[in-house]
Structures are given as structure tokens and as C-alpha cells.
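Visitor: Got a structure for you, written out below as C-alpha cells; questions coming shortly.
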Amino acid sequence: MATSDARPILERRILIITCFITLLAFIFYIVSITTDYWAIIDTPNGVNTSGMFILGAHLGIWRFCYWESNVPTGSLFETDDKLCRYVHLFTSAEDVMKNSEEVDTQTMDMNRSAAAFSIIGLGLILLGHLFAVYSLNQLRFMYKRVTGCIHIMCALCIILINEIMINNVIRRVDELARFADSELVWGYSIYLSWVAFAVFLAAGIVFFLCSKKRKGEHAFSEEEALENEPIHLGRI
């Protein structure tokens with residue numbers, strides 16, 4: 001057995017560094033899903049809504065904010081009259097009283113999907129870190145593979161959120177384009193989310209690469225060889 005080999009020490013260091021990087025990505029993820037700057041929509045000529053003109057808006061998973069002015073033109077950063085409201089996840093009593101054609105059920109479905117996947121992603125990230133810390137002190141290869149699977153599931157969950165939000169934003173921009181010219185700028189929230197996606201995808205691959213099953217003479221120690229021996233379940 002290659003007990004003097006430095007590879008297990010190197011692998012452990014790589015996994016520890018990976019855990020610290022995923023913790024940073026976890027902070028990025030929290031910031032991205034709790035902030036309202038996934039996209040910034042600027043309408044320089046204003047959109048008339050009941051005598052007031054919407055000069056622009058920015059939105060996130062949970063809230064939608066917009067600037068109002070009594071003049072149809074201007075910069076959205078020159079007015080302090082900004083209003084924020086939480087996005088509709090479910091049909092309200094007011095929506096029930098409206099004509100069904102006036103209720104945007106597709107946008108509401110997108111809002112619910114983004115909110116649901118953001119909560120699921122949060123739970124997966126926490127679970128992945130618990131398995132990651134546990135696998136660092138275990139010699140059996142299976143724990144690292146489970147950790148890798150969870151990290152990849154986190155990445156898939158994040159990319160689903162990103163795709164939902166991108167389609168949601170583009171849909172809103174298309175609606176505004178019917179009334180006035182609009183300009184779309186992607187905010188820092190979505191960029192942080194893409195960084196988190198890349199980190200968790202890479203972390204999953206790293207844990208898989210470091211989870212090689214070693215037994216017998218290929219193990220680095222007798223303890224590792226014993227841990228990686230097959231377990232036979234049944235009566236003795």
C-alpha cells in the first residue's frame with residue numbers, strides 16, 4: 001500500500017479549498033435570490049399608467065420596483081418616486097373579480113417556479129455542505145460521490161432559476177415595447193447567480209474526481225482499504 005503517497009493529502013486540501021469556494025458561492029446565491037436587480041428596464045419616454053409615467057423598473061424573484069413621474073420623459077435615476085411591490089405568486093381576491101383574460105397567469109406561473117426553485121436550491125446547498133464536511137473525515141468513496149451529486153443538483157437548480165427569470169424579464173420587456181421604447185440591462189443579481197452555478201458545477205466535478213474507489217493494494221492505507229471493501233447485507 002502506498003501509505004507514503006502525498007496524493008491523499010493533496011486531494012484533501014483540494015476538497016477543503018473547494019468547500020470554502022462553495023461557501024462563497026452560497027453567499028453569492030443568497031444575494032442573488034434576495035435582491036431586486038436581476039434586470040433593469042429603462043423606458044426613457046415613459047409608459048402612461050393612469051396619469052403617471054413609468055420611467056423604468058428593476059425586478060427580482062420576490063419584488064418588482066418601478067420609478068414614476070408626472071412627466072413623460074426623464075432619467076429614472078433623477079426621481080426618488082420609486083415604488084416596490086411583491087410579485088404575485090397566487091391569484092388574489094382582486095384578480096378573481098377581474099376578467100380571466102386580464103390576469104397574467106403565465107407570469108404568475110413563472111414567479112411561482114422561480115420562488116420554488118430558489119427555496120429548493122437553498123435546501124440543496126445546505127445539504128451539500130453538510131455532506132461535504134462529513135465526507136472530509138470519511139475514507140469511503142461513496143460520501144464524496146453523494147456530495148458531488150448534490151452540488152451538481154444545486155447547479156441545475158440555479159440554471160433553472162436563471163432561465164425562468166430571463167424568460168420572465170424578456171416577456172415584460174416585450175409587453176412594454178408595445179407602449180414605448182425600452183432598454184434592458186441585466187443587473188448584478190443574475191451575474192452572481194451565474195457565478196454560483198459555475199462554482200457548484202465545478203465543485204461537483206471535483207468531488208467526483210476525488211472519489212476514486214481504492215481497495216486492496218491500491219488503497220493509501222489499511223483503513224481506506226477496509227472502508228472500501230464491499231458490504232454484504234444478509235443473515236450471518
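No value in this document is a laboratory result; all are computed from the given coordinates. Note that this is a predicted model, so its numbers are computed, not measured. Here the Cβ positions follow ideal geometry from the backbone for every residue, glycine too, while neighbour counts run over all protein chains shown.
Visitor: Rank the residues 42, 109 as a footprinting-exposure proxy: fewest other Cβ atoms within 10 Å of their Cβ go first.
Guide: 109, 42
Visitor: Report the full-extension gain for the segment residue 83 to residue 108: residue separation times 0.36 nm, less the Cα-Cα distance, to one decimal in nm.
Guide: Result for the pair: 7.0 nm of gain on full extension.
Visitor: Then there is this: Assuming 0.36 nm per residue, please report the length gained on full extension of the stretch residue 188 to residue 174 beyond their Cα-Cα distance.
Guide: 2.9 nm
Visitor: Same structure, new question: Taking θ as phi - 60°, what are the ³J(HN,Hα) couplings along region 158-169 by the Karplus curve (6.51, -1.76, 1.60), each to the nearest whole Hz, with x for Gly and Pro?
Guide: Result, ordered by residue: 5, 5, 5, 4, 4, 5, 5, 5, 4, 5, 5, 5 Hz.
Visitor: Rounded, prolate or oblate: which fits region 104-153, taking a ≥ b ≥ c as square roots of the Cα gyration tensor eigenvalues, rounded meaning a/c under 1.5, else prolate when a/b beats b/c?
Guide: Because a/c hits 1.5 or more and a/b exceeds b/c, region 104-153 counts as prolate.
Visitor: If you don't mind, another one. Give a residue-ordered list of calculated ³J(HN,Hα) values for region 185-197 (Karplus: 6.51 cos²θ - 1.76 cosθ + 1.60, θ = phi - 60°; whole Hz; x for Gly, Pro).
Guide: Once rounded to whole Hz, the list reads 10, 6, x, 5, 4, 6, 5, 4, 5, 5, 5, 4, 4.
Visitor: Further, regarding this structure: On a full-extension model of 0.36 nm per residue, what is the gain between residue 90 and residue 119, subtracting their alpha-carbon distance, rounded to one decimal in nm?
Guide: Using 0.36 nm per residue and subtracting the Cα-Cα distance, I get 8.8 nm.
Visitor: At a Förster radius of 35 Å, what calculated FRET efficiency corresponds to the Cβ-Cβ distance of residue 209 and residue 30, to the nearest 0.05?
Guide: 0.80
Visitor: Test of understanding: ordering 146, 133 by Cβ neighbours within 10 Å, fewest first, what list do you get?
Guide: Result, fewest neighbours first: 133, 146.
Visitor: Next question. Starting with the fewest neighbours, write out 191, 86, 143 ranked by other beta-carbon atoms found within 10 Å of each beta-carbon.
Guide: Ordered from fewest to most neighbouring Cβ atoms within 10 Å, 191, 86, 143 come out as 86, 191, 143.
Visitor: From the phi of every residue in region 140-154, what ³J(HN,Hα) in whole Hz does the Karplus formula 6.51 cos²θ - 1.76 cosθ + 1.60 yield, where θ is phi - 60° and glycine or proline is x?
Guide: 5, 5, 5, 5, 5, 5, 4, 4, x, 4, 5, 4, 5, 5, 4
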